[in-house]
């Protein structure tokens, strides 16, 4: 086979077929770019296949993270149109729904902490309302009688990440894009005018733009130039799926406590998540993690004891030192990053995909990416593993 026959040429290559990589590739393909996604396993094999899919910028609001909050809110506003465009293109469901979220406190200490969060919402002008215990149980009768107060964020939403990945793959192909599975990139050359990639099975690809969207694996790739190896780390999360009758759901809204969240699906499934553990690349499901999730879910919704335990999983969120994602070009010509979305990958898929598509098309993004620029981290000359926030 000649070199010409072995190499495939595109306008853009995307490494990673999670929701971020797929959304970016789909948006770029819709602009007429020749795009190929390279995935070492299968679409959604990483964090996207384990995530609960909460689209909850109000609940995610925290002290000192205003840039991230603005990005989350902007992407949340895009979600209805994003979902409608996907369904209109390939008639597949993303599981998108807007049930609202009810944050509840189950003792006096939790109520005090939830009040602090409510005060933060008022300070930031976020739409949420304080509810007394009886008002909480009126909205969700299945709640424990121990509820001492609640915070209602009516605009919060959710999607089903697995359905979303399937829809994005179909939409990408319908737009003329390509997906190569079992395509683990093992070598790259960025010193020529056009970046070149090689996969483990010998396939070769080249394109003037390469997007790395490999989640928590984005940092440890040996073929990545040292100067742009980002400080993305895996943050383990164990998550459960319960199931009951679809016509008799235990809750209609997202239920959030100080320790867990519950996300109902229209088919009777109830997602319970999630632990937060710094365990490296360990994806072992533990008895302790399952016990913690079930115990805390039972405290909020006692009737979960009657549900079927359908699935237990552990996934790896891509975290960064400042909790903000890495979105944009790097110091290496032609190489872009879209990773480090931590708990908000599904929420941020629409706005990240749009911004990356702008960059791949050599256009100015419609949002300010400076707070999320990959170059905000620099490596200390004294230690290759030490990272300094610029």
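Quick one: which of 317, 343 is under 15 Å from residue 54 (Cα atoms), touching a helix residue (DSSP H, G or I) at 6+ places or on another chain (Cβ under 9 Å), touching a residue at least 12 places away in the same chain (Cβ under 8 Å) and part of a helix (DSSP H, G or I)?
The match here is 343.
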Select, from 305, 357, the only residue that is over 19 Å from residue 70 (Cβ atoms), touching a helix residue (DSSP H, G or I) at 6+ places or on another chain (Cβ under 9 Å), assigned to a helix (DSSP H, G or I) and assigned by TED's automatic domain parsing to the domain that holds residue 247.
305
What is the number of the single condition among (1) farther than 30 Å from residue 30 by Cβ; (2) surrounded by fewer than 19 Cβ atoms within 10 Å (Cβ to Cβ); (3) touching a residue at least 60 places away in the same chain (Cβ under 8 Å) that residue 93 does not meet?
(1)
Quickly run through region 38-50 and pick out the residues that are buried (at least 21 other Cβ atoms within 10 Å of the Cβ) and assigned to a helix (DSSP H, G or I).
47, 48
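Being part of a helix (DSSP H, G or I) and at pLDDT below 95 is the filter here, so list the residues in region 87-123 that pass it. Explain how you work it out, then say what you get.
From region 87-123, those part of a helix (DSSP H, G or I) are 87-90, 108-123; that's our starting set.
Within region 87-123, 87, 88, 89, 90 meet the criteria.
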Considering only region 197-206, I want to know if a residue exists there that is closer than 30 Å to residue 121 by Cα and either in contact (Cβ under 8 Å) with a residue 12 or more places away in the chain or touching a helix residue (DSSP H, G or I) at 6+ places or on another chain (Cβ under 6 Å) (or both).
no
Looking at 169, 147, which one is within 30 Å of residue 304 (Cα to Cα) and touching a helix residue (DSSP H, G or I) at 6+ places or on another chain (Cβ under 9 Å)?
147
Residue under question is residue 73, and the condition is that it be surrounded by fewer than 23 Cβ atoms within 10 Å (Cβ to Cβ), in contact with a helix residue (DSSP H, G or I) (Cβ under 9 Å, 6 or more places away or on another chain), without any contact (Cβ under 8 Å) to a residue 40 or more places away in the chain and under 23 Å from residue 263 (Cα atoms); does it hold?
yes
Only one of 170, 193, 144 that is without any contact (Cβ under 8 Å) to a residue 60 or more places away in the chain and either surrounded by fewer than 20 Cβ atoms within 10 Å (Cβ to Cβ) or more than 30 Å from residue 297 (Cβ to Cβ) (or both)
193
If the requirement is being farther than 30 Å from residue 10 by Cα and modelled with pLDDT of 95 or more, which of these qualifies: 253, 198?
253
Could you check region 51-70 and list, in sequence order, the residues that are assigned to a loop (DSSP other than H, G, I, E, B) and either free of Cβ contacts under 8 Å to residues at least 40 places away in the same chain or surrounded by fewer than 22 Cβ atoms within 10 Å (Cβ to Cβ) (or both)?
61, 62, 63, 64, 65
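So in region 201-218, with the set limited to residues that are within 17 Å of the chain's Cα centre (by Cα) and buried (at least 21 other Cβ atoms within 10 Å of the Cβ), which one is nearest to residue 11 (Cα to Cα)?
We begin by selecting, within region 201-218, every residue within 17 Å of the chain's Cα centre (by Cα); these are 211-218.
If we keep only those that are buried (at least 21 other Cβ atoms within 10 Å of the Cβ) as well, we get 211-216, 218.
Values: 211: 11, 212: 15, 213: 17, 214: 19, 215: 22, 216: 25, 218: 21 Å.
Out of the qualifying residues, it is 211.
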Hits in region 241-272 - residues which are under 19 Å from residue 295 (Cβ atoms) and assigned to a loop (DSSP other than H, G, I, E, B)
244, 250, 251, 257, 258, 259, 260
Matching residues in region 280-329 (crowded, with 19+ Cβ neighbours inside 10 Å, under 30 Å from residue 213 (Cα atoms) and out of contact with any strand residue (DSSP E or B) (no Cβ under 6 Å at 6 or more places or on another chain)) number 4
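The values are calculated or read from the model by the stated rules, or taken from the named source; none is laboratory data. Small disclaimer: the values here were computed from a predicted structure and weren't measured. Glycine gets a Cβ as well: all are built from the backbone with ideal geometry, and neighbour counts include every protein chain shown.
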